[in-house]
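Since every read-out is calculated from the coordinates, none of them should be taken as a lab result. Just so you know, these numbers come straight off a predicted model, no measurement behind them. For neighbour counting, all protein chains shown are included, and Cβ atoms are generated from backbone atoms with ideal geometry for every residue, glycine included.
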Amino acid sequence: MAVDATSKVTSSTTTSSSSSAQSKATMNYDNFLQLLIAQMKNQDPTDPMDASEQVAQLATFSQVEQTIQTNTKLDTLLASSSLTQASSYVGKYMESADGTVKGVIESVKVYSDGIIATTKDGGKILVQAGITVADEAPSSS
């Protein structure tokens, strides 16, 4: 996912994991409904299933499904936020947390577990706590 041609910001973040979680939830929701129907069909007529228990089971499962959907939307929001943050690094001077890699950032790659900035010299910097970011390289006086 490119921000624009000049920034060279790319993303390797995929939504397959969130899509997979959502499809699993749908499959489980369908299975739950089938199980509930089977319970109703095969219940003892002399001791029928309590309707409030059925509603409680359905409500609980509905809450789980809503939580999964919320998490999926949150993942999308975090990925978007990472792209916005990453694009702001392009053209800036950055120094790694341990001070071994430094330079002007040419491109930034966003992964699902972090951001890697590449300097014009080809150095790679993991964006994490302790990095230094500036508009220009500090003067060595």
Under 5 Å between amide hydrogens, which residues at least 5 positions from VAL101 or on another chain qualify, with H placed 1.01 Å from N in the peptide plane? SER96
Under the Karplus curve 6.51 cos²θ - 1.76 cosθ + 1.60, θ = phi - 60°, whole-Hz ³J(HN,Hα) for the stretch 71-77, x wherever Gly or Pro sits: 4, 4, 5, 5, 4, 5, 5
HN-Hα J couplings of the stretch 95-112 from phi, Karplus 6.51/-1.76/1.60, θ = phi - 60°, integer Hz, Gly and Pro as x? 10, 5, 4, 8, x, 7, 10, 8, x, 7, 7, 9, 8, 9, 10, 9, 10, 5
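Could you list the square roots of 5 times each eigenvalue of the Cα gyration tensor of the stretch 69-141, that is, the equivalent ellipsoid semi-axes, sorted largest first and rounded to whole Å? It would help to have the intermediate numbers written out before the result.
Values: eigenvalues 142, 24, 21 Å².
Semi-axis lengths for the stretch 69-141 are 27, 11, 10 Å.
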ILE115's amide H: which non-local residues (gap 5+, or another chain) put their own amide H closer than 5 Å, with H modeled 1.01 Å from N in plane and none for Pro or chain starts? VAL127
Neighbour net charge for TYR93 - beta-carbon separation under 13 angstrom, K R +1, D E -1: -2
